[in-house]
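All remarks here apply to the structure that follows.
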Amino acid sequence: MYSAMRSNNYHRVVAEYQKLPESLKRMRSIMVMRCAAARKIGHDEFAKAIEDVRRYDPESHFLDVMLVDYYFEQKQYHLMRETVDRLDAVVQDPFMDIVRGTICSEQGNTEEAERLINKAIAADPALAEFYQ
């Protein structure tokens, strides 16, 4: 799998994943690699990978990290917001308000976007570097 991933042979990564014993399929590092490859292949393959992660590792938040970017690309802002909220409940990071602000901006709600971004910068002034 690793050599297939390094050579950008995403279909081979997924095919090799399918041949693995269940014990290896449950390993987080293997699941991350499979998700990354599946995402490059397309929506349907990524959806299968997501379902497996949810089945094998339902308490993990690494999937949420991957989904934020995926939902942004797909313009599925409501799902992105739910995912950010789940992550924020765990990490409690002001950057999550930057992400929420980005969602609002993409949806045309610039007033709320500005409020959230200012809230994030007030909580962590280092975040201001993103907006200079």
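The values are calculated or read from the model by the stated rules, or taken from the named source; none is laboratory data. On a predicted model such as this, the values are computed, not experimentally measured, just so you know. Ideal geometry is used to build each Cβ from the backbone, glycine not excepted, and the neighbour counts take in all protein chains shown.
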Take the residues in the stretch 1-17 that are assigned to a helix (DSSP H, G or I) and at pLDDT 95 or above; name whichever of them is surrounded by the most Cβ atoms within 10 Å (Cβ to Cβ).
Val13
Collect the residues in the stretch 39-62 that are within 12 Å of the chain's Cα centre (by Cα) and in a helix (DSSP H, G or I), keeping them in residue-number order.
Arg39, Phe46, Ile50, Phe62
Of everything in the stretch 18-37 that's surrounded by fewer than 15 Cβ atoms within 10 Å (Cβ to Cβ) and small (Gly, Ala, Ser), which residue is farthest from Glu59 (Cα to Cα)?
Ser23
Output for the stretch 102-118, where each listed residue is in contact with a Lys or Arg (Cβ under 8 Å, 6 or more places away or on another chain) and either farther than 13 Å from Arg81 by Cβ or β-branched (Val, Ile, Thr) (or both):
Ile103
Show the residue pairs meeting these rules: Cβ distance below 7 Å; 6+ apart or different chains; first residue within the stretch 76-94 and more than 19 Å from Ala122 (Cα to Cα) and without any contact (Cβ under 8 Å) to a residue 60 or more places away in the chain; second residue aromatic (Phe, Trp, Tyr) and in a helix (DSSP H, G or I).
Leu79/Tyr71; Met80/Tyr71; Met80/Phe72; Thr83/Tyr71
